[in-house]
Amino acid sequence: MDDEKSSKNQKRVNQDFKQEQLDQYRIRDYGQPMTTQEGKKRSQDQDQLKAGIRGPSLRQDYEFLEKMSHFVHEEIPERVVHARGYSAYGEFECYESMTHVTKAGFLQEAGKKTPITVRFSTVQGAKGSYDTARDLRCKGVKLYTEEGNVDLTTIAMPVLINQDAMKFPDAMHAYQAKQADDIPTASGAHDRFWDYVANNDEALHMVLWIMSDRGILRSYRMMESWSINTYLFVNDQDVATFVRYVWKPVLGVHSLLQDESLKIGGLDPDFHRRDLREAIDNGAYPEYELGVQLISMEDEFKYDFDVLDPSKFWPEELVPVQMIGKLTLNRNIDNYFTESEQVAFNPANVVPGIDFSNDPVLQGRLMAYRDTQQHRLGSANYVELPINKPICPFHNNQRRGAMRQRIDVDKVNYHQNSLADNTPYTVPPEEGGYKDYPGKVDGYKIRARSESFKDYFSQPRIFWNSLTPIEKQHTIEALSYQVGSVKSESVRQQVVNILVNVDKDMASIVADNIGVDRPSGSNVPVSTSYSSLSQASTPKYAYTQKVGVLIGDGYNGNEVTNALNTLQQYGVFVDIISERLGTVTGNDGTTLQVDKTFLTSSPYLVDSLYVVGGSSRNQAKFNSDITEFVHVAYKHYKPIGVSSTGESFIHASENNNLAGVVFAANNPDFGEDFVSAIAQQRFWDRK
């Protein structure tokens, strides 16, 4: 009996009943035909069902609805994309009346101000990921207008990874962490993502932007962002104009180096949200000008790009940007959950004067977003949450649903009634009711893509041509790092084989770096370049740049005080960094409050250094810490100011040229010279 019992126990140990139970649910899709959830075989999985090859998508497209609805319900309750984000409040001020192209109320009068909330976010990483990861970023602006909410969603590059919303779940499935181990977090440096890029030509353009300096922002305050999608402005004469939006930061567009972004991810995962919050707390309110690019309906086919293709940019040199207003962020949120996590954006939220083109990604987003937010926030009544509630009154016949907050006391909740004098009543367009633009629709039901969308490499080539040598170098480094992390040699080879369409020399260098054969093809024969695509010409200011002051006791009080006063005068942020918290005392008795120690700060967390030196209880350690800060700042091309007492920490030699290093000794204009260096931000000619 004991032996029999022991045998049964051993069998029970060897036999995992739970795994046996799960085995019946384990399915392998490899080598199988694609079907709907109900098992119907699918003949096409690339495009929505449209009314004509360039027409709008149709509501009867249940295959798209099934695919997209399943995708947006995949995470509970975290956003399936843009999970990591941060918000602030502010106002939008209109520069001039746009009556000639739109009847949208918030754009009718110069000087008119509209309250807003904004949410910045990354895409790939979960809520617990880090801010500075190489990624595309989103800027959602909710304008609380008198006619209702307008949600303007933009991303930090003018092109999207897919041309039809049907492909968005595929792109994100490939981009996000592997299903086996949920690795990597906040990174596309893995096999599945690059396999997708290599096998979906339309993805290459945006990925090239992400691999450029645009993919690792210095700050949300320095982020340019585009609507990507093509909307319509409609005036009171029912004349429509194609429009794309762009937010341009007043401080210019600036980026981190790849090494900095990776280091900061560990040193301060909240780097961008902390930077935004501190700037607003200090009264250095972030500002962004709103620009619009306008194309008349008659010029729809005028250009060598399709105005409805979200994977193509509209060159500013061909379609000028008209600045129509300014956004100022002037108030921090008080509660992250209620004001940032619960804010819900939807591009379908527009007012009279703004309408939608047949852009196939925009068409899909109009269907997906409300479903997404309802799932994420648990009820169709999410609009009643304070952060989402419009400032104008809203009335309809909806009464129930989870988390309903308002108490409607009317007896009638249906349209066409006599008991309530048929209220709430509809409003004629001439009195402010929303009227859809009466665009003509004519075509056969079809799943296909316009031939004009299929030039996948000309614009990526133009983008590459437009970059400066240092920007190209950084892009090659990013590609080598990302694709070099791919385990599959086949995928690595496929990536360089598609990169050759953009630039053969670039693809060959990357191939050498990642251990695969150089590609045999050649880049497309396009020589066009646009200066607007490079960050080289962006505005540069010392204002709000952060200087780390490395200092101990016995510093030259007069010299340092004058320098700090000059920095303050130009709005430069300063961190006093020393051996320990407390105060440091100068040779004239002046004192400075220490903000950070060498342990709690880092040369990666400041934009430049002011090397003062001085005495310390542990002089050897103090000197070593300053030397390390200087070494890191110098190799990352950052400006360095050197006090007369700090000269021992940096010397000219045959191995350096000290470009961007400003010395105070015998320099009565040190403060001004240092500020000028801080404004330049990087000295790429440094050796």
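The values are calculated or read from the model by the stated rules, or taken from the named source; none is laboratory data. Remember, predicted model here, so these are calculated numbers, not experimental data. A quick note on method: Cβ atoms are made from the backbone with ideal geometry, for glycine too, and the neighbour counts reach across all protein chains shown. Keep in mind that these areas ignore ligands, DNA and RNA; they rest on the heavy atoms of the full protein, side chains included. Shrake-Rupley method; radii C 1.70, N 1.55, O 1.52, S 1.80 Å.
Quick look at the numbers
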| item | result |
| --- | --- |
| L208 vs. criteria more than 30 Å from H100 (Cα to Cα) and touching a residue at least 40 places away in the same chain (Cβ under 8 Å) | yes |
| Selection count, region 66-122, where residues are more than 23 Å from L276 (Cα to Cα) and among the hydrophobic types (A, V, I, L, M, F, W, C) | 12 |
| Residue ID - most open to solvent (accessible area, probe 1.4 Å), chosen from residues in region 95-131 that are in contact with a helix residue (DSSP H, G or I) (Cβ under 6 Å, 6 or more places away or on another chain) and part of a loop (DSSP other than H, G, I, E, B) | Y130 |
| Candidates K312, K302, filtered to the one that is under 26 Å from S532 (Cα atoms), touching a strand residue (DSSP E or B) at 6+ places or on another chain (Cβ under 8 Å) and in a loop (DSSP other than H, G, I, E, B) | K302 |
| Matching entry among T328, T338 (being modelled with pLDDT of 95 or more and either under 23 Å from M157 (Cα atoms) or part of a helix (DSSP H, G or I) (or both)) | T328 |
| Members of region 26-50 that are touching a residue at least 12 places away in the same chain (Cβ under 8 Å) and in contact with a strand residue (DSSP E or B) (Cβ under 7 Å, 6 or more places away or on another chain) | R42, Q44, D47, Q48, L49, K50 |
| Qualifying position, being touching a residue at least 24 places away in the same chain (Cβ under 8 Å) and within 24 Å of R218 (Cα to Cα), among F629, F670, F649, F622 | F629 |
| Residue satisfying all of: in region 562-577; crowded, with 20+ Cβ neighbours inside 10 Å and in contact with a Gly (Cβ under 6 Å, 6 or more places away or on another chain); farthest from G641 (Cα to Cα) among these | I577 |
| Yes/no for K389 being free of Cβ contacts under 8 Å to residues at least 40 places away in the same chain, part of a loop (DSSP other than H, G, I, E, B) and closer than 23 Å to L107 by Cα | yes |
| Positions within region 71-94 being surrounded by 21 or more Cβ atoms within 10 Å (Cβ to Cβ) and part of a helix (DSSP H, G or I), in sequence order | V72 |
| Residue, nearest to N465 (Cα to Cα), within region 478-518, restricted to residues that are assigned to a loop (DSSP other than H, G, I, E, B) and among the basic types (K, R) | R518 |
| Only one of E654, E672 that is surrounded by fewer than 21 Cβ atoms within 10 Å (Cβ to Cβ) and under 22 Å from Q569 (Cβ atoms) | E672 |
| Qualifying positions in region 39-79 - of a type in the set (A, V, I, L, M, F, W, C) and either within 14 Å of Y444 (Cα to Cα) or in contact with a Lys or Arg (Cβ under 7 Å, 6 or more places away or on another chain) (or both) | L49, A51, I53, L58 |
| Exclusive hit being under 30 Å from K440 (Cβ atoms), in contact (Cβ under 8 Å) with a residue 60 or more places away in the chain and open to solvent by 40 Å² or more (accessible area, probe 1.4 Å), set D359, D371, D355 | D371 |
| Residue identified as out of contact with any helix residue (DSSP H, G or I) (no Cβ under 6 Å at 6 or more places or on another chain), open to solvent by less than 10 Å² (accessible area, probe 1.4 Å) and in a helix (DSSP H, G or I) among A171, A203 | A171 |
| Residue match in region 570-577 (condition: more than 26 Å from G614 (Cα to Cα), not aromatic (F, W, Y) and not in a loop (DSSP other than H, G, I, E, B)) | no |
| From F120, F71, residue being modelled with pLDDT under 90 and over 30 Å from N235 (Cα atoms) | F71 |
| Selection from region 591-619 of residues that are hydroxyl-bearing (S, T, Y) and touching a residue at least 40 places away in the same chain (Cβ under 8 Å) | S601, S602, Y604, S608, Y610, S615, S616 |
| Candidate set: region 578-594, residues that are of a type in the set (S, T, N, Q) and part of a loop (DSSP other than H, G, I, E, B); chosen: the one most open to solvent (accessible area, probe 1.4 Å) | N587 |
| Scope region 77-131; condition over 23 Å from the mean Cα position of the chain (by Cα) and among the β-branched types (V, I, T); matching residues | T99, V101, T102, T114 |
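This table checks each residue for (1) in contact (Cβ under 8 Å) with a residue 40 or more places away in the chain; (2) over 20 Å from S534 (Cα atoms); (3) touching a Leu at 6+ places or on another chain (Cβ under 8 Å).
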site: S212; (1), (2), (3): yes, no, yes
site: L217; (1), (2), (3): yes, no, yes
site: L232; (1), (2), (3): yes, yes, no
site: D236; (1), (2), (3): yes, yes, no
site: A240; (1), (2), (3): yes, yes, yes
site: E260; (1), (2), (3): yes, yes, no
